[in-house]
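Notes follow the structure.
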């Protein structure tokens, strides 16, 4: 598949997709369309076991929604591709999606990063939801994901002031998994993707499902989701391979079956 707003490279076991919409890597309809198509394509490719999303350029992962498209929305025109839908697809994706945030991420760029399962941030970058300064609110899941990630009190402060978090603050609040120098962000994300690509695809899928779905319900219902996932993985060939490899003292060779 050809992409106009993403630079896509397929590595051994994973894909790296870089948003390429200079100067700010704004999340235009073209970018959202490409991300949506990428997710669909990778879903049907058994050779792809993880996805890394990053941005081209050093300063910005993404500055957020394309403001030039606001006038059309305010005129009552419904966008063909919804950021809500794309980000929900990422959040519920059965393969790990890693955000390699090599530059600052604001607004929709932050909302994109928050929808990913794991996040690695540049030490020199900032991350925030400044929508209130434009007289609007985070409109692609920010009001829901940020409190779930860092807690209600701090999330409200971030959104009501519109002030960004430093990399150190983002790490301390649990918004990102790791902070590294800017030049190491992509290599760290690739190393993580490569490691996950060697894991058991069915088990990884069921862990992602149990955590994502379980957080939105009671612990009792969450345990039912976990139990259903356990039944699926224990019936898989990968579970047999994992036990066999353990007793044979060798690395497992998971096939996703």
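The values are calculated or read from the model by the stated rules, or taken from the named source; none is laboratory data. None of these values were measured; they are calculated from a predicted model. Neighbour counts run over all protein chains shown; Cβ positions are idealised from the backbone, glycine included.
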> Looking at 208, 175, 171, which is the one that is assigned by TED's automatic domain parsing to the domain that holds residue 90, in contact (Cβ under 8 Å) with a residue 60 or more places away in the chain and either out of contact with any helix residue (DSSP H, G or I) (no Cβ under 8 Å at 6 or more places or on another chain) or closer than 30 Å to residue 7 by Cα (or both)?
Replying inline: 175
>> Restricting to the stretch 241-257, name every residue that is without any contact (Cβ under 8 Å) to a residue 12 or more places away in the chain and surrounded by 14 or more Cβ atoms within 10 Å (Cβ to Cβ).
In response: 245
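Could we say that residue 196 is closer than 30 Å to residue 18 by Cβ and surrounded by fewer than 17 Cβ atoms within 10 Å (Cβ to Cβ) here?
Judged against the criteria, residue 196 is not a match.
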>> Among (1) modelled with pLDDT under 95; (2) touching a helix residue (DSSP H, G or I) at 6+ places or on another chain (Cβ under 8 Å), there is one condition residue 77 misses while meeting the rest; what is its number?
In response: (2)
>> Within the stretch 10-17, does at least one residue satisfy the condition of being at pLDDT 95 or above and either outside the structural domain of residue 147 (by TED's automatic domain parsing) or over 30 Å from residue 232 (Cα atoms) (or both)?
In response: yes
> Tell me, which helices (runs of 4 or more DSSP H) lie completely within the stretch 16-130 with 3 or more residues that are more than 11 Å from the chain's Cα centre (by Cα) and crowded, with 16+ Cβ neighbours inside 10 Å?
Replying inline: 29-43
